[in-house]
1. So how far, in whole Å, is the C-alpha centre of the stretch B:155-183 from the one of the stretch A:164-179?
2. Quick one: grab the alpha carbon gyration tensor of the stretch C:40-83, order the square roots of its eigenvalues as a ≥ b ≥ c, and give me rounded if a/c is under 1.5, else prolate or oblate depending on whether a/b is larger than b/c.
3. Tell me, what ³J(HN,Hα) does each residue in the stretch B:151-160 have, in order and in whole Hz, if you take phi through Karplus 6.51 cos²θ - 1.76 cosθ + 1.60 with θ = phi - 60° and put x for Gly and Pro?
4. Starting from the Cα of A:K99, draw a straight line to each of the lysines and keep only those under 16 Å, dropping any in the same chain fewer than 8 residues away.
5. Helix check for chain C. Which DSSP H runs span at least 18 Å along their own axis by Cα, with a mean Kyte-Doolittle hydropathy no less than 0.0?
6. Pull up the cross-link candidates among the lysines for A:K55, meaning alpha carbon to alpha carbon under 30 Å and not fewer than 8 places away within one chain.
7. If the cut-off is a Cα-Cα distance under 19 Å, which lysines reach B:K260, setting aside same-chain residues fewer than 8 apart in sequence?
8. Please identify the longest segment of chain C free of exposed GluC sites (Glu not before Pro), where exposed means a DSSP state other than H, G, I, E or B and no more than 13 other Cβ atoms within 10 Å.
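Coordinate-derived values only; no laboratory data. Keep in mind that this is a model prediction, so the values were computed, not measured. Note that each Cβ is placed from the backbone with ideal geometry, even for glycine, and that neighbours are counted across all protein chains shown.
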Amino acid sequence: MSIEAILIVNKSGGLIYHRDFNNKTSATHLNGNDYLILASTVHSVFAIASQVTPKALKLSPPKIDFTIPYHPYVGVPNPNSSNTSNRRTVSSQKLGSFKGPDFFNGPFTSWNKSGIRQLITDHFTMYIYQSLTGLKFVALGSSVAVLGKNAAVSNEVADNFLRKVYCVYSEYVMKDPFYSLEMPIKSKTFDQSVKSLVDNLL
Amino acid sequence: MSQASVPGVANDGTGAVSQQRQYELEQEAMPKLNRTVFQMVLNEIIPMAYAVEVSKTVQKDETGEVAMGSLSLESTVPGDDNTAARRMRSSVMAVYNLAKLAEEDEDKYNSVLKRIESLGTSIGSKISDMLIFAKNPSISFKNMDLLSVMKFICRDVWKHVFGKQIDNLKTNHRGTFYLIDLDYAPIQDFTVEPSVLEEQLSEEDLQIYELKLVEPFLQFPVGIIKGVLHSLGHPLDKVVCLATYADKPKEKSKVGGFPKGINFHVQITNN
Amino acid sequence: MPQSRSSSLSSSNPANAPQVRHLKALGDDTWKNKVEKVNAEFFHLTYGTIVAQLCEEYAGDYARVNGELFQIGYNLGVRLIEDFLARTALPRCDTFLKTSEVVSKCAFKIFLNLTPEVAHWNAARDSFDLVFGENPLAEHVELPPGASGQLWFSNVLCGVLRGALEMVQLDCDVEFVSDTLRGDMSTDIRVKLNKVLRDEIPAGED
């Protein structure tokens, strides 16, 4: 999966971070305003989706397991790989105060129970990860996930990945006394870390 | 100016190594807490110093209207229904308002800076006691000359408080020292939010403004340095310490992180 | 407030034991391996100096000092909650009991390396106390004369809890009720749930 863009949407639907990663398709780039509209549309559609749950399901909710399995080393260099250049990157890779080779190392529960998690179209796939505090982390992937098991796995990988973006957010943006909640993120360290997460995904 | 080296611990024999190892084990066994919490509390000192200044201003103006003006802590950003965001914003605005204060009322601004510095001094003067009692075998406090004190600050004090040592120590061996920290830890994640500003600033002006905003934060380590010197026999009125920005050498500047290093110029007068 | 109440509310109930153990293990593991540490004495020194300076500046107006400490804590709380959630990814607590366990066994462990006891639940089960033996932020501290009846030395902790809980849509009143620095038997923080901020719960959670 290669990531085309990452967006972060705040609780009120405002866009607080956006970064494109694929420079090849500059002809189809949206401008800044379009991304703002995109963010608030995602926010609204996400909310609507959670309202659209059929009554039958509401009355007798099926036992869905919201646990997301852990996929090792998504977005961080794999220290066990035989690739020696990878190993060098691992030693210089600093996960800040998260220490260790990866941000976390176990399965976790998704907070997103009835909102949109994955949007599959013919041209791209969109993944959404929402934190308990209402922050939405959105990734646009260029590859198209095929429906079925493949889609589920790619969704899990995306959740692992977006949780790491959340970790990076808490690491670099929360410690900035000049940053106030819900405002656009301008931190270069954050930018750099997100970029290295994306680069390591390939 | 000659450059004094800031050596690490020398392994000069099995005796020294085992003493060092014992010290390390003792240090590991000491009660600890999350560095993030410590870091954030240090950062909160600045808005707090500003808030105290504001409340003192309000206290003085007992009669008539209190022209809060730029001292107002209320955020003026529209659409602020979210309580948490609003309350946090008023404290974040404090750091932006502080820079405005520098232009509007220099006395009050300096009073805030002094407050921040004196916090650092109080803490600095007690740190050496703490580190002495830790019995670090690589520090000997008997017959500590000025250079050794400065090395102690660069190595041990900085390592304990900020997590890393000072990068460079320069001296003229006559009471003047330059302590250069190229990546002063607490400010690495600071980024100015341009939309907060009232006018649009050019890229250059924005950078200058950013440096001005971060200045108050540097009063804290200035205070630490003065406090340590004070506790080791150099009274506060004999020490001048100023913090200025230093350019980073090309090899050191990485993407992200604060664009400048900090140069602490320390001048100690002897009688 | 329409919170689901499980019939077994005490954490000593064996049905809850594995959950509590899991929380404890998560807290311990994160603290040991996933957190940068600093010597506690530096923090106590810094915090104590801040309190002392505030007391001096406000010249005996301890209500204001308490307020300032609370505000500092609040700013910390709204930031630390993201760190906590990103690190642990714990699911939303479905009972206030669960909240108390997460706070006492996970959150305090990860940030302060402490695990206070949870006690003194009220009849309505919407208020609990976090019980510390000694005051957790006060090492060798003696309150200035006159402060004893009014200053809550570690009031920053109340601000932290209030801010953090508000970010996960729990409107709580948090305050000290006793302090060993004042000569009390233990140091207690009371956390009372006012209401769940239903309107602010992010879409997509049921």
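1. 28 Å
2. oblate
3. In residue order, the calculated couplings are 5, 4, 5, 5, 8, 7, 4, 4, 5, 6 Hz.
4. Counting by Cα, and skipping residues close in sequence, A:K99 has these lysines nearby: A:K164, C:K32, C:K34, C:K37.
5. Within chain C the helices that satisfy the rule are C:40-57, C:62-88.
6. Cross-link targets: A:K11, A:K63, A:K113, A:K136, A:K149, C:K98, C:K195.
7. Once the sequence-local lysines are set aside, what remains near B:K260 is A:K175, A:K186, A:K188, B:K164, B:K170, B:K212, B:K248, B:K250, B:K252.
8. C:1-133
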